[in-house]
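First up is the structure itself, then whatever we jot down about it.
The values are calculated or read from the model by the stated rules, or taken from the named source; none is laboratory data. Nothing here was measured: the structure is a model prediction, and the numbers come from that model. Heads up, the Cβs are rebuilt from the backbone with ideal geometry, glycines too, and the neighbour counts pull from every protein chain shown. In case anyone asks, the SASA skips ligands and DNA or RNA and just uses the protein heavy atoms, side chains included. Shrake-Rupley method; radii C 1.70, N 1.55, O 1.52, S 1.80 Å.
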Amino acid sequence: MKTSPLRLAAIGLGPRSYGYLSMAATNPDHYTVVAGADYQPELVRRMAAASGIPDFRGFSSDVEILAEPQLADVMVIGTQDAQHRDHAIAAMERGYDLLLEKPIASTLEDVLAVEAVATRLGRRVLVCHVLRYTTLYSKIKELVISGRIGKVISLNATEGVGAFHQAHSYVRGHWSRTEEASPMIIAKSCHDLDLIQWIIDQPCLSVSSHGSLEYFTERHAPEDAPLRCTDGCPKNGICFYDAHHYATTQRKWLYVKPELMAEDTPPERILDWIKTSPWSRCVYRCDNTAVDHQVVSMQFGGNVTATFTMTAFTEGRGMEIYGTKGVIRAGELYRQLTGADILVQELDSADIERVEIQSLTGGYDSHGGGDQGLVEAIYHEMRKPSATEMNSSIQTSVASHIIGFAAEESRLSGQSIEIEAFRRAAMAV
């Protein structure tokens, strides 16, 4: 029997929500995009146009949309990290299941509060850990389950944020101050911690971590560099982080000002806006506190160990999984060196199997088709008889978030953190 489409609405219509909902709108058998709220009218208009329905309802705030009788089956929460807790809880109390942009919230206490409400109300909450839904990591998971490399003994994962991405988001941008957003290991790398936990499929027992803000500081500023690139910096045209690049090679970051993203926008108009925006500040003279490199060491059940390295100074993800019968190597570096996305080598063979992946299309390039994969998963996850039967439940996502918050606690304290004790302490607050 054919089921009716899921009705989707959203609070926050920035690039992530817009991307998910616009993709969903192209599949009317599964989804109808019925409503959205954002304080920027142009984003509401853009979403209304992409919804493909004449009676799309637009709102100017979360208060307005949540004051209405329940409009949809699923509410997409696409606001800033610090707003996730209140928006998620209010939407669940109103009757909505959730597609919740990562991270769940900006503090562990708030993450646990969202989990508690979801459990009490029986709400389905799918967190946007999009990398789970890529063909690359799905294939890696399949290879691990197959037993090709035996029992997993250790795993090493890396994430290169990309130097300009680091500067845009974590030096000049919304996540630059940990005190006002989320620790970078959560804001940027909860994807990776989720993947590690998902692939190992054992509870994490303890975590230790080291890292710091090393490069994007005053002591690395060029001599005579002003506070803004647009104030006549002597390194203009030479500096990799020159804000003038927003008008040329780095236009993709103009998602923070959607009306400037059109290809025919004159560079002069972009530069006029840049002059007074946060994104023209010298990257060495900002008030940023987010780290630019961090290493996490994890002990999992079954005596499995894992490490994760986040660095601003390269781009792309990579992973090596070492088992009792072989090794899986995957990611951007191996693809560049060999042309294959995954390399599999069994211990009793000199042969290396090369696996090439055909990624899904749609969404952010760096997500490897995971955005489209996530959109396809929403329908099936939200149709499960109960939240406890979801493949990726709120409880699963909370477990990987705890690893991240424990890593930050370890980085700051210099101590190894026992996960269960750390969780109990947070629940007692």
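A few comments on the model shown:
- Selected from 190, 173, 134, residue furthest toward positive end of dipole (the stretch 39-194; charges at beta carbon): 134
- Placing unit charges on the Cβ atoms of the charged side chains and taking the dipole of the stretch 250-407 about its Cα centre, the candidate lying farthest along the positive direction among 289, 324, 258 is 289.
- Solvent accessible area, Å² - residue 300, 1.4 Å probe, full protein context: 0 Å²
- Label assignment, volume of the Cα convex hull per residue in Å³ derived from the structure, set [x] 142; [y] 174; [z] 160: [z]
- Dipole size of the chain about its Cα centre, with +1 on Lys/Arg Cβ and -1 on Asp/Glu Cβ: approximately 380 debye, rounded to the nearest 20.
- In this simple spin-label approximation, residue 174 and residue 307 carry label points 7 Å from Cα along the Cα→Cβ vector, and these lie 3.3 nm apart.
- Heavy-atom accessible area ranking, 1.4 Å probe, most first, across 352, 145, 185: 145, 352, 185
- Leading residue at positive end of dipole, the chain (Cβ point charges), from 404, 149, 246: 149
- Spin-label model, residue 145/residue 55: points 7 Å from Cα along the beta carbon direction are separated by 4.1 nm.
- Build a GNM of the chain with springs between Cα atoms under 10 Å apart, and of 305, 158, 265 the one that fluctuates most is 265.
- Cα-Cα separations in the stretch 214-261 greater than 14 Å, expressed as whole percent: 57 percent
- Nonlocal amide H pairs with residue 326, under 5 Å, H built at 1.01 Å: 347
- Prolate/oblate/rounded label for the stretch 1-136 (Cα gyration tensor, a/c 1.5): rounded
- Between the stretch 20-59 and the stretch 239-299, the alpha-carbon centres lie 27 Å apart.
- Ranked from largest to smallest solvent-accessible area, with a 1.4 Å probe on the protein heavy atoms, 252, 102 come out as 252, 102.
- Placing pseudo-labels 7 Å out from each Cα toward the beta carbon at residue 218 and residue 3 gives an inter-label distance of 5.8 nm.
- Taking the square roots of 5 times each eigenvalue of the Cα gyration tensor of the stretch 295-420, largest first, gives ellipsoid semi-axes of 27, 25, 17 Å.
- Rounded to the nearest Hz, the phi-derived 3J(HN,Hα) couplings of the stretch 314-319 under the Karplus curve 6.51 cos²θ - 1.76 cosθ + 1.60 (θ = phi - 60°) are 8, 9, x, 9, x, 7, where x marks glycine and proline.
- Nonpolar atom fraction for the chain, defined as the carbon and sulfur part of the 1.4 Å probe accessible area, stands at 52 percent.
- Unsatisfied cross-links (Cα-Cα over 21 Å) in the set 151/188; 235/275; 252/275: 151/188
- Rolling a 1.4 Å probe across all protein chains gives residue 175 an accessible area of roughly 50 Å².
- Looking at the stretch 71-189, the pairs of alpha carbons with a distance over 22 Å make up 49% of the total.
- Computed on the stretch 253-333, with alpha-carbon pairs under 8 angstrom and 6+ residues apart, the relative contact order is 14 percent.
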